[in-house]
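The values are calculated or read from the model by the stated rules, or taken from the named source; none is laboratory data. It should be emphasised that the depicted structure is a prediction, and the values quoted were computed from it without experimental measurement. Glycine also receives a Cβ, built like all others from the backbone with ideal geometry; neighbour counts cover every protein chain displayed. Each accessible area value is taken on the protein alone, full model and side chains, heavy atoms only, with ligands, DNA and RNA left out. Shrake-Rupley method; radii C 1.70, N 1.55, O 1.52, S 1.80 Å.
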Amino acid sequence: MDEKPLPWPEADSSIPGAFGASVEETQRAFDDAAPRIFSPAGTGPFRVQVGEVDDTGLRTCVLENDRAVTEYLNASREIEKSRDSLTGAVPSPKSTFFLLNPTFGWGRLMLSETSMRSILRHLHVFPAFLKHLTAFGEREFARDEGFAAYDIKEHLDGLQGRQSLETCFLWKYMQRDDGNAQHPWTIRQALVYQNFSCMTRTSTNILIRAPPQVTNRLKHNFSTGPESRDSVVADWLGVQKVWMSCGTEDWRQALNYYDEQITKLFDVLVMFSIETETAGDSKKVQQCISSMKELTHLVDQLLRMSHVLGLNSKIIYCMMNAARRYESAERRDAFLAFAETVQLEYDFLQQLAGSLLARGNNLSRQLRDIIAFRNSELNNRIATATSTSTGAVVELTSKSSHEARIVKVLTIVALIYVPASFAADFLQMGYVSVDEDRNFHIVASMDVWLWVIIAFPLILLALSVLLICEVLGRRKVGKAVCPDTPVFTNIV
């Protein structure tokens, strides 16, 4: 795209935008993030809800493709051209609301990048909006949900009269998750843009990911009557009052839920015995570790909630400062009284979150102490069992040594008596005799060779059988220890 895609009201790129960034820097960041913010052209889901408010009430329509957006914006330009040059009044509508939602919690917005740029060019949105729009779209973690923003810009005519006010802010709220999530409450954020004409008392609004409480309250105010409708449409603080009045109840319910979860974990901690037992110790330690993980998640969520509640309170403070600067005394006093009440509620909610956070941290310390104590007890018990096993091994070794000494004595006795017994048995066989006539010479019979021929092969056969049994036994033991390793047996 060669030409500048968004013709800002200011041509000078050095004019500071959101967070002190220049217009070019803001637009460059938006161009880089656009592919993950918007649905692909022609393939992704497309749904832009538009609400028009005039003297007759509220009219709504749904734009489901780029062509429908183009046709709607062209029709709006024709209405703008029919504005009365003297009074500045327009036939209809008085105010327009563009409602944009993502496909899911961290999904892309349900419109194409082309349609979004067309809407921004048509409304002449100031650069701060694009900076905060990059907080939406696909992401893998809660990126940019810990930030807040409130930007306001005053537009003057040639006579230094106030022509319009542009307002943009990020708002945090709690949303109940009806899915299969572990915890039902999730922190969400919404982006609100308003361009309010001080001459005609009309406005153009863009609401991104607005909670149901806000949209339902707006529909109710638009449909109830002229006074209720004008309190939102004809007052540039009307939309901000609706956002402030919705959401504190959900925060209260969410904090009650986390209070209940911490109380349950505390009850588990009180019933959890410190002394180790013979059975079930491993299961109890695993239960304690699981409770520790659950408590860590609760503490982390409470930290985020406390931080976000402080951000909302700060945004209300910015709204009050803007009201003091740009609003008349009568409207300003009424808004400040209302805003102070809501801000006080958020301060109380933040204090409650801080109290729950302190309880969670205290419980976490106790759980860590219990886990450490039980681990030390288990280690002591394991050491005692190991010492007992070592004593048994020592006793078994002593008995084996005693038996070995007995076998040694028997072997020595056998070494003494076996040769003598063999000699006596050999002499009694009749193969050897004493010749008295020849001075008692020892005479060997020729039959002695028969004994040699029979005895020695039997001895060799017995030794061979012993050798074969020994080799087979060692191979079997070697394969049982390491089946994949070849066994080399040496027989000595």
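Rounded to the nearest 20 debye, what is the charge dipole size of the range 337-376 about its Cα centre when +1 sits on each Lys and Arg Cβ and -1 on each Asp and Glu Cβ? Numbers along the way, then the final one.
Working: 4 positive and 4 negative charges, 97 e Å.
Here the size comes out at about 460 debye.
Within the range 107-134, what residues put their amide N at less than 18 Å from the label point 7 Å along the Cα-to-Cβ vector of A41?
109-122
Carbon and sulfur atoms: what percent of the 1.4 Å accessible area of the range 247-406 do they account for? Don't skip to the end; give the middle numbers.
On the way: 5220 of 9220 Å².
Roughly 57 percent, rounded to a whole number.
Could you give the length gained on full extension between T263 and D177, defined as 0.36 nm per residue of separation minus the Cα-Cα distance, in nm?
On the way: separation 86, 0.36 × 86 = 30.96 nm, distance 2.17 nm.
Computed gain between T263 and D177 is 28.8 nm.
Could you work out, for the range 97-186, what percent of all Cα-Cα pairs fall into each 5 Å distance bin, beginning at 0 Å and stopping at the bin that holds the largest distance?
3, 10, 16, 21, 19, 12, 8, 5, 3, 2, 1, 0
Please report the carbon-and-sulfur percent of the accessible area for the range 22-244; probe 1.4 Å, protein heavy atoms only, DNA, RNA and ligands left out. Don't skip to the answer; put the middle values down first.
Details: 4860 of 9960 Å².
Roughly 49 percent, rounded to a whole number.
Could you please state, rounded to a whole Å, how far the C-alpha centre of the range 216-255 is from the C-alpha centre of the range 141-203?
Spelled out, the Cα-based centre of one part sits 14 Å from the other.
Are there chymotrypsin sites (Phe, Trp or Tyr not before Pro) in the range 109-210 that DSSP marks as loop and that have at most 11 other Cβ atoms within 10 Å, and which are they?
Working: sites: F129, F136, F141, F147, Y150, F169, W171, Y173, W185, Y193, F196; in loops: F136, F141, F147.
Filter output for the range 109-210: F141.
For the range 247-406, what is the accessible area per residue in Å² when the probe is 1.4 Å? Let's see the in-between values first.
Numbers: 9220 Å² over 160 residues.
Spelled out: the 1.4 Å probe surface of the range 247-406, per residue, equals 58 Å².
Keeping every protein chain present and rolling a 1.4 Å probe, give me the accessible area per residue for the range 22-244 in Å².
Numbers: 9960 Å² over 223 residues.
Computed with neighbouring chains in place, this is 45 Å² per residue.
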